[in-house]
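A.B. asks: Right, I'll just put the structure down here and ask away after.
The values are calculated or read from the model by the stated rules, or taken from the named source; none is laboratory data. Everything quoted here is computed from the prediction, not taken from an experiment. Neighbour counts are summed over all protein chains in view; Cβ atoms, including those assigned to glycine, are modelled from backbone coordinates with ideal geometry. With ligands, DNA and RNA removed, areas are computed over all heavy atoms of the protein, side chains included. Shrake-Rupley method; radii C 1.70, N 1.55, O 1.52, S 1.80 Å.
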Amino acid sequence: MKIAINNLFTVSSLALASIASTTAIAADDSAHKFMTAAPVVVTATRFAASIDTAPVNVTTITAEDIARSNASTLSDVLKAQAGISVSNLFGISGSKAKVDMGGFGGNSGQNTLVLLNGRRLNDVDLQGANLAAIPLDSIAQVEIVYGSGTVLYGDNAVGGVINIVTKNGFDGEQGTLKLQTGSFQTQRLSGDLRTLANDTALSFAFDGLKSNGYRDNGAFDSFSLMTEVSRERDGKNYGARINASREKLQLPGALDEATFKSNPSASANPLEQAKERRFAIEGYFAGKNLAAELTLSKKHQEAFVFGDVVADLSTLSFTPRTKRQYGNHNLVAGADLYHSRLETNAVWDNSPFAPPAFIINDSEITRDSYALYITDTINFGDSTSLNFGARHQQVKLDIENDGTLSGQVSDDSGDKLNAADITLSHKHNYGGRNYVRLARSFRSPVLDEMWSYYDGSIGLLKPQTANHVEIGTRQTFGNGMQLSANLFRMNINDEIAYDGSANVNLDKTRHDGLNIDLNTTITSQLSINAGYAYRKASFRAGDNDDNIVPQVPKHKLTMSGNYQLDDKRQLGLNVAHNGKRYFGNDFANVGKQMRSYTQVDASYIQQFSHWKARVLVQNLTNVNVADAGYYAWWLTPPYTYYPLPERALYITFEGEL
């Protein structure tokens, strides 16, 4: 193997050796009194289960963790995790942010699956999940599953799965209201309300944000809400959820290198803007051995980029599943049924592809997906388990296009896709768990990867497939310290990406990675979370053999700490270091790399009787950086940047209702 890969396995071996040496301390009977109950997660099996029984590496972030953090958005919560890279083009709201868990760079949004109470937020277009559409106050827990989740969830779950679990009235009656004001004329009003009457619970959360943005032509205006009504009876829960959001944002575009250095708040596009409305209504049933969701979601998008584009996407889904136990076999089986339709209209007034007011396309695309899956966990005593899983999915696509410019009127395709995984795990008597895992994943192309908004041209792509190997450990020590680590390799065929001119199937690639996460309480006043992630994504065939996949930082380190001055005052600090990576589109690795940077956020919280105040400073050291940029060969120098915000100050007041 090459030196870089040897170094990766050397680092992981040292980490696992350190874990093993510390285990002896954790096994001490006198330390067991410090252990806390393991959290309950649903993402790893699609049914509620203890995290200790999960056959994969799972990290949980609770509502209490979020309240103690420096996060104002879900994007802030995720970027504080070492194993997650968040590429944020607009900086403040998290809108259009791309989440990367497996080293996919610019195409990360289609290889990381984001769920809301188990419902897919990744749409079947390139927009992906919108993190800004979820009110932060509505979140009860964020579950992060590292590694392929394709058997249980299908498309997009290649690098990992993030499931946002929301609060309901059964979590306790409460009402809060928050008001935030700060830099860039930012104003935010948010809140949540939960109530319980007999066996019926009602919850409601909303978030409204308005800001001029940190760049010219960078204003943002959004509103989102979530509401749920549910009932519990005989251990079963059923109800309905509504999630709605709207946003309007201006698009300042990417800056050339000279402007980025001299005036990073400038705009390259003084007029471009976008609007979006989302609505989803879901009925659900959740029992001990049976669960299902029936969901209708709609998304309306408008954009002015060269001209006017309007797109309407609707998706109807039904996702039933069941759980059964036969002896030492624990079976989960289910079906995922999806029907999506995308209707578009584009008029280009200033496009280089068409004369003024020329209607390029008026198209309708439908996508039907049908899948069956099954997993079997075989328990050998109380400590060792073997998990098998398999999925078969069929995807049918039908494109109807007016073809006025491209000459293509219609096309269709059908793919039959299979995924599988096998995991062997062992739980030690002191509470630690080790596992080894083999998996095969797939990703089907989304609709506008095979069809162009610009000219209506159709270019069908092959599905992406990958073979995975992963080893990992999760340790809970007697002093309250928790450590998790996993090492993975993905060999990918036909990886789908944008090469600078079109969406294509790349030559064979390999993605290697290591995640280490440590949580510990130093004293009753001080708690620390630290993490490290290594990523190397490279080509293993073709003209770019051995080259690095762009936009993938090799190293990321994070550290966050909270210091409780007394029962009413708290200090918080977040530090994140992101390593160098090649600019987007530079598959040949001919240009320089984007420089590494370290960002520091700090906060102070003062608790009063029924309300509290928080002062937050983001980018404390005021570094001028970008975590997204592209190689533009026609420029001199050929680099463009999406700057992150300068130093910013926010003050939040929170009161109980």
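Residue-by-condition table, conditions (1) open to solvent by 50 Å² or more (accessible area, probe 1.4 Å); (2) modelled with pLDDT under 95; (3) closer than 17 Å to GLN551 by Cα; (4) among the charged types (D, E, K, R):
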site	(1), (2), (3), (4)
SER484	no, yes, no, no
PHE488	no, no, no, no
ILE492	no, no, no, no
ILE496	no, yes, yes, no
LEU514	no, no, no, no
SER524	yes, yes, no, no
ASN529	no, yes, no, no
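A.B. asks: Only residues that are surrounded by 13 or more Cβ atoms within 10 Å (Cβ to Cβ) and either farther than 18 Å from VAL575 by Cβ or aliphatic (A, V, I, L, M) (or both): list them for the range 636-648, please.
C.D. replies: PRO638, TYR639, THR640, TYR641, TYR642, PRO643, LEU644, ALA648
A.B. asks: Now for a separate question. Would you be able to say whether some residue in the range 358-368 is open to solvent by 10 Å² or more (accessible area, probe 1.4 Å), among the hydrophobic types (A, V, I, L, M, F, W, C), modelled with pLDDT under 95 and over 30 Å from the mean Cα position of the chain (by Cα)? Break it down into steps so the answer makes sense when it comes.
C.D. replies: Quick first cut of the range 358-368, residues open to solvent by 10 Å² or more (accessible area, probe 1.4 Å) only: 358-359, 362, 364, 366-368.
Then keep just the ones that are among the hydrophobic types (A, V, I, L, M, F, W, C); that gives 358-359.
Imposing the further condition that a residue be modelled with pLDDT under 95 reduces the set to 358-359.
From what's left, over 30 Å from the mean Cα position of the chain (by Cα): 358-359.
Scanning the range 358-368 turns up at least one residue that is open to solvent by 10 Å² or more (accessible area, probe 1.4 Å), among the hydrophobic types (A, V, I, L, M, F, W, C), modelled with pLDDT under 95 and over 30 Å from the mean Cα position of the chain (by Cα).
A.B. asks: Now for a different question. With ASN243, ASN237 as the choices, which residue is in a strand (DSSP E or B), open to solvent by less than 40 Å² (accessible area, probe 1.4 Å) and closer than 18 Å to PRO320 by Cβ? Let's see the steps before the verdict.
C.D. replies: Working: ASN243 fails: closer than 18 Å to PRO320 by Cβ.
After applying the criteria, what remains is ASN237.
A.B. asks: Here is a further query. Restricting to the range 591-622, give me the number of residues that are part of a loop (DSSP other than H, G, I, E, B) and exposed (fewer than 14 other Cβ atoms within 10 Å of the Cβ).
C.D. replies: From the range 591-622, those part of a loop (DSSP other than H, G, I, E, B) are 591-592, 595-596, 608-610, 619-622; that's our starting set.
With the extra rule that they be exposed (fewer than 14 other Cβ atoms within 10 Å of the Cβ), the set shrinks to 595, 608-610, 621-622.
Adding up the residues that qualify gives 6.
A.B. asks: Considering only the range 592-602, I want to know if a residue exists there that is out of contact with any Lys or Arg (no Cβ under 9 Å at 6 or more places or on another chain), among the hydroxyl-bearing types (Ser, Thr, Tyr) and within 26 Å of ASP216 (Cβ to Cβ).
C.D. replies: Within the range 592-602, one or more residues are out of contact with any Lys or Arg (no Cβ under 9 Å at 6 or more places or on another chain), among the hydroxyl-bearing types (Ser, Thr, Tyr) and within 26 Å of ASP216 (Cβ to Cβ).
A.B. asks: Report, by residue number, each residue of the range 575-590 that is assigned to a strand (DSSP E or B) and in contact with a Lys or Arg (Cβ under 9 Å, 6 or more places away or on another chain). If you could, list the steps in order and put the result at the bottom.
C.D. replies: Taking the range 575-590 first, the residues assigned to a strand (DSSP E or B) are 575-578, 581-582, 584.
Result: ALA576, HIS577, ASN578, ARG581, TYR582.
A.B. asks: A follow-up question, please. Kindly indicate the residue of the range 214-234 that is of a type in the set (A, V, I, L, M) and part of a strand (DSSP E or B) and also least open to solvent (accessible area, probe 1.4 Å) among those meeting that condition. Spell out how you get there, then give the answer.
C.D. replies: Quick first cut of the range 214-234, residues of a type in the set (A, V, I, L, M) only: 219, 225-226, 229.
Among the residues that remain, those that are also part of a strand (DSSP E or B) are: 225-226, 229.
Numbers: LEU225: 44, MET226: 18, VAL229: 67 Å².
Of everything passing the filter in the range 214-234, MET226 is least open to solvent (accessible area, probe 1.4 Å).
A.B. asks: Applying the selection to the range 148-184, what residues are in a strand (DSSP E or B) and touching a helix residue (DSSP H, G or I) at 6+ places or on another chain (Cβ under 9 Å)? Walk me through how you get there before you give the answer.
C.D. replies: Taking the range 148-184 and keeping what is in a strand (DSSP E or B), we get 160-166, 174-182.
VAL161, ILE162, ILE164, THR166, THR176, LYS178, listed by residue number.
A.B. asks: What number of residues in the range 546-601 are free of Cβ contacts under 8 Å to residues at least 24 places away in the same chain and within 24 Å of the chain's Cα centre (by Cα)?
C.D. replies: Total satisfying the criteria: 1.
A.B. asks: For the range 320-337, indicate whether the set of residues that are among the polar types (S, T, N, Q) and within 25 Å of the chain's Cα centre (by Cα) is non-empty.
C.D. replies: Of the residues in the range 320-337, the ones among the polar types (S, T, N, Q) are 322, 325, 328, 330.
Cutting the leftovers down to within 25 Å of the chain's Cα centre (by Cα) gives us none.
No, the conditions are met nowhere in the range 320-337.
A.B. asks: Hey, among the residues in the range 369-382 that are at pLDDT 85 or above and open to solvent by 40 Å² or more (accessible area, probe 1.4 Å), which one's farthest from ASP52 (Cα to Cα)? Reasoning before the result, please.
C.D. replies: To start, the set of residues in the range 369-382 that are at pLDDT 85 or above comprises 369-380.
Now restrict to residues that are open to solvent by 40 Å² or more (accessible area, probe 1.4 Å): 370, 372, 374, 379-380.
Values: TYR370: 32, LEU372: 26, ILE374: 21, ASN379: 13, PHE380: 15 Å.
Ranking the candidates gives TYR370 first.
A.B. asks: Right, next: Pairs under 8 Å by beta carbon, first residue touching a residue at least 12 places away in the same chain (Cβ under 8 Å) in the range 412-427, partner of a type in the set (Asp, Glu), six or more apart or different chains?
C.D. replies: Short answer, once both residue conditions are applied: ASP412/ASP398; LYS427/ASP52; LYS427/ASP382.
A.B. asks: In the set GLY500, GLY480, GLY432, GLY459, which member is surrounded by 19 or more Cβ atoms within 10 Å (Cβ to Cβ) and in contact with a strand residue (DSSP E or B) (Cβ under 9 Å, 6 or more places away or on another chain)?
C.D. replies: Numbers: GLY500 fails: surrounded by 19 or more Cβ atoms within 10 Å (Cβ to Cβ); GLY480 fails: surrounded by 19 or more Cβ atoms within 10 Å (Cβ to Cβ); GLY459 fails: surrounded by 19 or more Cβ atoms within 10 Å (Cβ to Cβ).
Exactly one residue qualifies, and that residue is GLY432.
A.B. asks: Of the conditions (1) farther than 24 Å from LEU342 by Cβ; (2) part of a strand (DSSP E or B); (3) open to solvent by less than 70 Å² (accessible area, probe 1.4 Å), GLY253 fails just one. Which one is it?
C.D. replies: (2)
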